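The values are calculated or read from the model by the stated rules, or taken from the named source; none is laboratory data. Given the structure is predicted, the values throughout are model-derived calculations rather than measurements. Here Cβ is always computed from backbone atoms with ideal geometry, including for glycine, and neighbour counts include all displayed protein chains.
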Amino acid sequence: MHETYGYNLFAKNVRMFLFRRAERQESAARQIKHSLEQICAGKMATRDFGMIHNGVTLAVPRVSGLSAEKLVLEPGSRGIFVLNGCQTVYTAWKFFKAEVAKKGGVGNWREKWAEIQLPMRVVVSSDDELLQTVTIGANRQTAILSSALWAHDAVQQSLATRFARYRIFYERQEGAWDQFSRSEPAKAQEYLGTINIEDLARTMAAADRALPLEYAKSPSKIFESKEAYAKVFKEKNLVSVRLLVSLWNLFRGTQVCLKDLSNEVGKLNGLKPSGFVFPVFRVLAHWLMKNDRESFGDFADAVFYPSPMSEIRKRVKQWLNHNHSRIQQLLPKIWWDDEKDWWSKPQDKERVASAFQKLKLNGTFLFEGWSEFDNEL
């Protein structure tokens, strides 16, 4: 099935194959591979595999030939999906291909392989809501990111499609980009960057003045609450995916520039970029919206990585200084606490409000008026 469907086989799972974890000694993939090696070497009983490792849950629209010995899966136009067991399927496929390459399709290892059995559940349904419920339930025994529970929400699927139109890969499933780039290397080369679900949520929460900055600081809070999720991924915030790309780039540019400034500017000594990036980004985004709206378009067409010499890094430094927004100079004036002789909390509501007031941004609405922005490209 993996040979036939590739990347799409796992399209309805909450995660893809976790390449970066797979080599860890304690990872599921590493343990599965070890069991397969032991079985094919005759050092482990074939019956033990299904007892040691979890089985696989499949979804298929129709079946036929149901008997005690056989079940015929009929994929129809939708295909067959692994709802749980991605690590098992992909690890076994890689192992099998490697063994065939080394030893060919015959030999004692192939006989042992043919005897391996494992528990299998087959969900016969085309109901996407049911499949999502089964996927979440089947994957709860393994720790997953809270964002994974929303990976197949209609909003997330729509975002993935819309980002793809501009050759941005939207990673709504953990490990999806690694899986896609390995399964479809030619197609992966066409993309201009990746944006993942958690960092997008963090960026939108940091930009939206109606939301607490705590959401941006701890994005898990967004996905653990249906109400919080709805507030962040509301329709008004999703009008333009190109605007979201611009904000994504601006957030990362702000992050690295604050690190630079905290080391270079004496008055910013002791400022923690990891905390101050949220209020500074929020204020800067609104300042650009009011004073230099066209600048958003400069970074809307690809994902920019803020390396030391990148354009986004240079531009953000310019926007923060006294010739533009003056945010760099306002930081110590607003957030420095003379009594404690140290920086105040970055998320202090009164100080954030003071920054907006001093820059005359109170009537600025960031997410409104972008309905045609995506059509400009």
Just a yes or no: is a residue in region 283-301 touching a Pro at 6+ places or on another chain (Cβ under 9 Å) and either within 10 Å of LEU250 (Cβ to Cβ) or surrounded by 22 or more Cβ atoms within 10 Å (Cβ to Cβ) (or both)? no
Problem - Test: residue in region 237-256 that is in a helix (DSSP H, G or I) and either over 24 Å from LYS217 (Cα atoms) or out of contact with any Phe, Trp or Tyr (no Cβ under 9 Å at 6 or more places or on another chain) (or both) - result: yes
If you go through GLY85, GLY79, the only one that is in contact (Cβ under 8 Å) with a residue 60 or more places away in the chain and not hydrophobic (A, V, I, L, M, F, W, C) is GLY79
Restricting region 168-191 to residues that are touching a residue at least 40 places away in the same chain (Cβ under 8 Å) and assigned to a loop (DSSP other than H, G, I, E, B), the one nearest to PHE299 (Cα to Cα) turns out to be ILE168
Among helices (runs of 4 or more DSSP H) completely within region 1-75, the ones holding 3 or more residues that are farther than 21 Å from ARG121 by Cβ and outside the structural domain of LYS112 (by TED's automatic domain parsing) are none
Per the filter on region 173-191, residues crowded, with 16+ Cβ neighbours inside 10 Å and over 21 Å from HIS2 (Cβ atoms) are TYR191
Taking region 25-49 and the residues there that are among the small types (Gly, Ala, Ser) and over 21 Å from LYS102 (Cβ atoms), the one that is surrounded by the most Cβ atoms within 10 Å (Cβ to Cβ) would be ALA28
Residue pairs within 6 Å by beta carbon, gap of at least six or interchain, first lying in region 109-131 and in contact (Cβ under 8 Å) with a residue 60 or more places away in the chain, second in a strand (DSSP E or B) and among the small types (Gly, Ala, Ser), listed first then second, are VAL123/ALA59; LEU131/ALA59
Checked region 335-377 for anything touching a residue at least 12 places away in the same chain (Cβ under 8 Å) and in contact with a Pro (Cβ under 9 Å, 6 or more places away or on another chain); matches are TRP335, TRP343, PRO346, GLN347, ASP348, ARG351, VAL352, ALA355
Next item on the list: Could you tell me whether GLN157 is within 30 Å of ALA98 (Cβ to Cβ), modelled with pLDDT of 90 or more, out of contact with any Ser or Thr (no Cβ under 7 Å at 6 or more places or on another chain) and part of a helix (DSSP H, G or I)?
Entry: no
Exercise for the section: Inspect region 299-317 for any residue being part of a helix (DSSP H, G or I), assigned by TED's automatic domain parsing to the domain that holds LEU243 and more than 34 Å from the chain's Cα centre (by Cα) and give the result as yes or no. Expected result: no
Can we say SER220 is in contact with an Asp or Glu (Cβ under 7 Å, 6 or more places away or on another chain), touching a residue at least 12 places away in the same chain (Cβ under 8 Å) and at negative phi? no
If we keep only residues of region 303-332 that are of a type in the set (A, V, I, L, M) and modelled with pLDDT of 90 or more, then the residue nearest to GLY266 (Cα to Cα) is LEU331
Within region 302-329, the residues that are of a type in the set (Ser, Thr, Tyr) and exposed (fewer than 14 other Cβ atoms within 10 Å of the Cβ) are TYR305, SER307
Restricting region 76-97 to residues that are in a helix (DSSP H, G or I) and among the hydrophobic types (A, V, I, L, M, F, W, C), the one farthest from HIS34 (Cα to Cα) turns out to be CYS86
